[in-house]
Amino acid sequence: MSRTNIVSCLLAVGLAAVAQCAFAADFYAGKTIRITTGNDPGGGHDLHSRIIANNLPRFVPGQPAIVVQNLPGAGGLAAVNYVYNVANKDGTDVGLFNRDVLLQPLFGQTAARFEIDKFNWIGTPASYADDAYLILVRSSLGYKTMEDVRKASPPLNIAHHGTPLIPLVKEGLGASAKIITGYRGSNEAVVAFQRNEVDGIGTSYVNLSRRFPDWVKNDVVRIIVQYGHEKRLPELPDVPTARELAQTPDDLDLIKLTELPLTLGFPLAAPPGVPAENVKVLREAFAAMLQDPQYKAELGKAGLEYSPRSGELLLKDIREIMSVKPNVIARYKSLVN
């Protein structure tokens, strides 16, 4: 191990870890780490993967090369299955996953050939901490709170374009609503709302602020609930969280389960079976990279969110969700279906 690498190790992980750092440097020197992502080039997952690939080598002892492999298919499921079952189990293969497919084993999707809690979770660069998913209803209807919406007559028509957070407003929060399906994406749902074909839609706070700032300013919509947080987003102090509005413990468990993909963000993980010392090295290198000004500058230039969480915290949330009762899983399956 070179003197330069020894100094780098001392600075990155401290004196107590010199032996481990030397081992990792010997292992990773001359190696290539592959990040497999389940999305096409150009999207958020791909951009996060490439920015990590540009910056992480400086923080891994031995400074290995890092490349990105795009493996789209089945909404991101192909990449998750590949990393779990096929990829190298020595610390040279990791995946940056589409969060929306990670819960599929819980509701019996046989194509999902993995156990979410068996991955070695490294962390996420973004966790929805600066955003929230919102349910909006037309202000002209006169409904101001979830309690009002629970009593709505006739039921509100809410456009559904994919995320289970939209039907959750009925199934988990008790809204008097009809969930209107058939929209191929959020843009179609917005058009339906603008044409008065539906009474409500779902969108993120960031999207609302950037694309439709006049909707709130001119009282076009009322925000009924915010998803993705235990506490209210500071920008929305008067809008209750879904967890606040839960009426039963089972409702609360369902909300937590459905919100989990938001807080997972853009999760990076190594497959099961990777030696513990290499997992530790990857986690520490990732944590050091997250604090690096050059890395943050690249994120800002790409317009990507920065609200990181550690792999340990991701695993904590995942293990909590794994303990939910079968009836809650059944309710979640109905949302997804």
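The values are calculated or read from the model by the stated rules, or taken from the named source; none is laboratory data. Keep in mind it's a predicted model, so treat the numbers as computed, not measured. Backbone-built Cβ (ideal geometry, glycine too); neighbour counts: all protein chains shown.
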Residue under evaluation P267, criteria (1) surrounded by fewer than 16 Cβ atoms within 10 Å (Cβ to Cβ); (2) in contact with a helix residue (DSSP H, G or I) (Cβ under 7 Å, 6 or more places away or on another chain), criterion not met: (1)
Residue in the range 161-171 that is within 19 Å of A246 (Cβ to Cβ), part of a strand (DSSP E or B) and not aliphatic (A, V, I, L, M) present: no
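Which ranges mark the strands (runs of 3 or more DSSP E) fully within the range 71-146 that have 2 or more residues being at pLDDT 95 or above and surrounded by fewer than 23 Cβ atoms within 10 Å (Cβ to Cβ)? Steps first, answer last, please.
On the way: elements: 93-96, 120-124, 133-138.
So the answer is 133-138.
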Every residue from the range 27-71 that is touching a residue at least 40 places away in the same chain (Cβ under 8 Å) and of a type in the set (K, R): K31, R34, R58
Test result for A74, over 26 Å from R113 (Cβ atoms) and in contact (Cβ under 8 Å) with a residue 12 or more places away in the chain: no
Selection count, the range 42-69, where residues are farther than 20 Å from Y306 by Cα and of a type outside the set (V, I, T): 6
Selection status of A287, on the phi < 0 side of the Ramachandran plot and part of a helix (DSSP H, G or I): yes
Hey, G300 of a type outside the set (A, V, I, L, M) and over 20 Å from the mean Cα position of the chain (by Cα) or not: no
Cβ-Cβ under 9 Å pairs, at least 6 apart or on other chains, the range 275-287 side at pLDDT 95 or above, far side among the basic types (K, R): P275/K89; A285/R58
